[in-house]
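All remarks here apply to the structure that follows.
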Amino acid sequence: MSSRAYDALVLDLDGTLLDDAGRVRPRSRAALQAARAAGVRVLVATGRSSLSAHDVLVELDLDLPAIVFNGAGLYCPKKKRLLEERVLGNRSVARVLAYARERDLLTVIMRSEDKLATEPHDEEERTALAWMSGLKLVERDELDGAEYVIRVSLFSRDHGDSARFAREVEAAVDGPCYITDFPLNVLPHHRESRLDVIDLHPPCLGKAEALRFLAEEHGIPPERVVAVGDATNDVPMFEAAGLSVCMSTGMEEARRVARRVIGSNEADSIAELVEELFLAPHGSAAGR
């Protein structure tokens with residue numbers, strides 16, 4: 001019987017496993033492969049779309065599929081397809097698009113195979129879209145009637161607070177949905193941005209879907225899972241996991257919820273955590 005206190009590890013990508021240049025540090029990659037070889041279930045849970053996450057997931061070469069779209073999808077990079085997919089109701093999509101049209105907001109809709117965006121108004125908005133993979137710019141009218149939408153993202157510089165922005169969108173949609181919000185400047189490539197972002201998804205558990213998957217498919221209860229992240233969209237999995245860990249460079253709201261805070265994503269913090277909890281003899285007891 002394993003002496004580990006935990007049997008599974010759920011990792012966010014941006015700001016957590018990836019450094020600010022979007023790379024996996026070599027020591028972290030080696031530690032994850034060693035943990036995997038030791039029988040630890042390692043799973044990625046990211047806000048990225050399947051298109052955006054694919055290359056990183058291929059590089060990691062993990063056994064398990066990844067939670068993508070903040071919990072709205074379960075993606076297998078080996079099969080290059082979503083194994084689970086939730087989509088927004090047509091009424092919710094129509095209402096959020098009407099809200100965006102009225103305010104002339106930069107709008108992106110994401111489906112399993114494509115991303116469509118309205119034309120940016122200025123250089124700041126063009127920069128906001130620059131890191132989105134597989135994006136096609138279209139006229140706003142072309143978004144109307146879109147089906148099988150997994151996410152709608154809106155960008156605003158008028159609200160001054162992403163949480164306020166999210167509440168306003170939630171009221172406008174007035175239907176079942178899951179909303180995440182953040183100031184764009186929390187991302188490494190957008191430190192100077194004034195934009196706030198909301199992502200509208202179909203109802204789900206957020207990144208806590210990772211713990212649901214581990215319990216249903218692998219019999220690992222939430223109390224045996226370590227969840228590591230850096231942002232407010234990681235809070236659902238922090239609240240469900242046996243041990244929640246936030247990066248020191250993470251958002252204040254996430255640090256407050258986490259039971260433990262470790263170093264920066266620019267250092268070997270993830271490798272050190274994995275080595276302590278999963279690879280050192282009896283080391284996991286320190287995380288309890």
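Provide 237, 132 in ascending order of the number of other Cβ atoms located within 10 Å of each residue's Cβ, fewest first.
Taking fewest neighbouring Cβ atoms as first place, the list is 132, 237.
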*Could you give me the ³J(HN,Hα) list for the range 56-67, computed from phi with Karplus coefficients 6.51, -1.76, 1.60 and θ = phi - 60°, whole Hz, x at Gly and Pro?*
5, 5, 4, 4, 5, 6, 8, 6, 9, x, 10, 7
_Could you tell me the center-to-center distance, by alpha carbons, between the range 1-20 and the range 195-253 in angstrom?_
11 Å
*Among 196, 114, 234, whose mean-square fluctuation peaks in a Gaussian network model of the chain (Cα, cutoff 10 Å)?*
114
*Would you look at the GNM of the chain, springs on alpha carbons closer than 10 Å, and say which of 22, 219, 229 moves the most?*
219
_Separation of alpha-carbon centers, the range 39-59 and the range 76-95, rounded to whole Å_ = 16 Å
_Normalised contact order of the range 90-201, rounded percent, pairs of Cα under 8 Å and 6 or more residues apart_ = 29 percent
*What nm distance separates the two modelled labels at residue 131 and residue 38, each placed 7 Å from Cα along Cα→Cβ?*
3.1 nm
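Calculate the all-directions average of the projected area of the range 184-245's alpha-carbon convex hull, and give it in nm².
Numbers: hull surface 20.4 nm².
Mean orientational projected area (the range 184-245, Cα hull): 5.1 nm².
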*Extent of the range 90-201 along each principal axis, from alpha carbon coordinates, in Å, largest to smallest?*
35, 28, 23
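Can you check what the net charge comes to around residue 92, using other residues whose Cβ is under 11 Å from the Cβ of residue 92 (Lys, Arg +1; Asp, Glu -1)? It would help to have the intermediate numbers written out before the result.
Working: positive: 91, 95; negative: 170, 174.
That works out to 0.
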*asked:* Connecting C-alpha atoms closer than 10 Å in a GNM of the chain, tell me which of 94, 130, 66 has the biggest fluctuation.
replied: 130
*Which angle between 0 and 90 degrees, to the nearest 10, do you get for helix 26-37 versus the longest principal axis of the chain when only C-alpha atoms count?*
70 degrees
_Can you show me the helix-derived [θ] at 222 nm for the chain, built from DSSP H runs with n ≥ 4 at -39,500 (n - 2.57) apiece and divided by the number of residues, rounded to the nearest 500._
-8500 deg cm²/dmol
*Roughly how many nanometres apart are two label points built 7 Å out from the Cα toward the Cβ at residue 84 and residue 223?*
2.2 nm
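Below 13 angstrom from the Cβ of residue 216, what's the summed charge of the other residues (Lys, Arg +1; Asp, Glu -1)? All intermediate terms of the calculation are to be shown ahead of the outcome.
Values: positive: 41, 212; negative: 84, 209, 217.
Net charge around residue 216: -1.
Tally Lys and Arg at +1 and Asp and Glu at -1 over the other residues with C-beta under 14 Å from the C-beta of residue 263: what net charge comes out?
Details: positive: 25, 27, 255, 260; negative: 19, 20, 230, 266, 268, 272, 275, 276.
Taking every Cβ under 14 Å from that of residue 263, the sum is -4.
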*How far apart, in nm, are the 7 Å Cα→Cβ label points at residue 264 and residue 138?*
4.1 nm
_Computed lengthening from residue 157 to residue 122, 0.36 nm per intervening residue step minus Cα-Cα distance_ = 11.4 nm
*Considering only DSSP states other than H, G, I, E and B, which GluC sites (Glu not before Pro) in the range 152-213 qualify as loop sites with at most 15 other Cβ atoms within 10 Å?*
192
*Nearest 10 degrees, 0 to 90: what angle lies between the long axis of helix 209-218 and the longest principal axis of the chain (Cα atoms)?*
50 degrees
*Mind listing the Cα extents of the chain along all three principal axes, in Å, largest one first?*
59, 36, 31
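Read-outs throughout are calculated quantities, based only on the coordinates presented, and are distinct from any laboratory measurement. All of these numbers come straight from a predicted model, not from anything done at the bench. No Cβ is skipped: glycine too gets one built from the backbone with ideal geometry, and neighbour counts run over all protein chains shown.
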